[in-house]
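Scroll down for the structure; my scribbles are underneath it.
The values are calculated or read from the model by the stated rules, or taken from the named source; none is laboratory data. As the structure is a prediction and not an experimental result, all values here were calculated from the model. So basically every Cβ, Gly included, is an ideal-geometry build from the backbone, and we count neighbours across all protein chains shown. Note: areas computed on protein heavy atoms with side chains; ligands, DNA, RNA excluded. Shrake-Rupley method; radii C 1.70, N 1.55, O 1.52, S 1.80 Å.
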Amino acid sequence: MTDTPIGGEVLVVANSRSGASLGRPDRVPDVRRRMPGATVRELGESETLDDVVAGAMAGENPPSVLAILGGDGSVSRAAHLARRHDLTLLVLPNGTFNHFARSVGIPDVDAGLDAYAAANVRPVAVAEASVDDGEPITVLNAVSLGAYPEFLAERERRTSLGKWWGGAVAAWREMHGAHAVDVVRGGRRASVWSVFAGVGPNDPDRIATMQRATLDEPVIDVRVHHARGTRARAIASLAFGEKTVAVLRALRVMPPASDIERILDEDFEIEVRAGSAPDIWVHDGELEEVGEDGFRLRVRAVGDGLRVYLPAR
């Protein structure tokens with residue numbers, strides 16, 4: 001009787017476009033070498049992650065582990081599918097920021113493969129975001145509305161410039177044309193530049209909580225940036241790197257603490273009024289368009305919502 005090849009229970013889905021856009025080497029051969037028994041699928045132009053996973057689950061030997069080789073958007077969607085099909089998630093980061101991967105201590109593909117080899121599986125908290133009465137979407141890091149979705153929409157219109165230059169142009173345009181958003185929460189109306197709802201408690205000095213700071217606590221940490229300052233401050237508040245935030249604070253560009261409202265709750269709901277701004281929102285860096293009539297956004301914390309491979313302790 002022969003041993004089962006390493007990775008025999010794993011479905012690996014590779015979004016090669018993530019690494020290719022950054023000029024990174026192809027890591028699929030490394031994955032095949034470290035997990036020779038795994039089923040490895042590279043996403044084609046017309047394929048979706050949902051279809052690939054659904055097809056594998058309908059096969060004769062469905063996987064018990066879903067490994068994703070890609071960026072934040074791919075990892076977030078893989079987490080949603082892992083929960084839907086009761087699979088354990090293995091993160092092999094290959095994107096621009098890799099927010100969730102860094103939060104769980106997996107800075108690169110090799111670290112992810114090491115975590116699988118160590119067989120250290122742990123449940124982590126997630127969130128579920130839903131618009132009006134729509135199906136909840138799994139969120140690993142944060143949900144946002146207002147200035148950040150507008151910035152992403154502007155950047156996506158300039159994909160030919162690349163992410164860095166496209167982002168620079170988008171930031172310049174938003175600095176001159178950002179819209180305040182009219183929202184309602186608990187019967188209270190407000191005009192805001194942005195709202196960030198992060199998974200788990202985060203640094204109280206941050207506004208753009210795009211990368212989570214904890215893994216276990218089922219709470220939503222909300223930052224509401226009220227529209228009392230300039231558009232320049234609205235865009236500056238989107239900075240999430242420690243050094244960038246420190247520089248902007250030194251230059252007195254960041255909004256004052258009095259403009260930021262912090263809410264900690266297990267279940268957060270807010271209504272965006274029709275006509276106040278583009279009806280778009282973002283979850284884990286993925287832009288969603290809603291319509292033109294406003295929308296109600298709910299973000300709910302789910303404790304132990306996802307099983308994930310973590311580095312050996």
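Remarks
- A dipole drawn for segment 48-110 from +1 and -1 charges on Cβ atoms has a positive end, and of Leu89, Val109, His99 the residue lying farthest that way is His99.
- Accessible area of segment 1-150 divided out per residue, in Å², using a probe of 1.4 angstrom: 42 Å²
- Three-way shape label, segment 82-157, alpha-carbon gyration tensor, a/c 1.5: oblate
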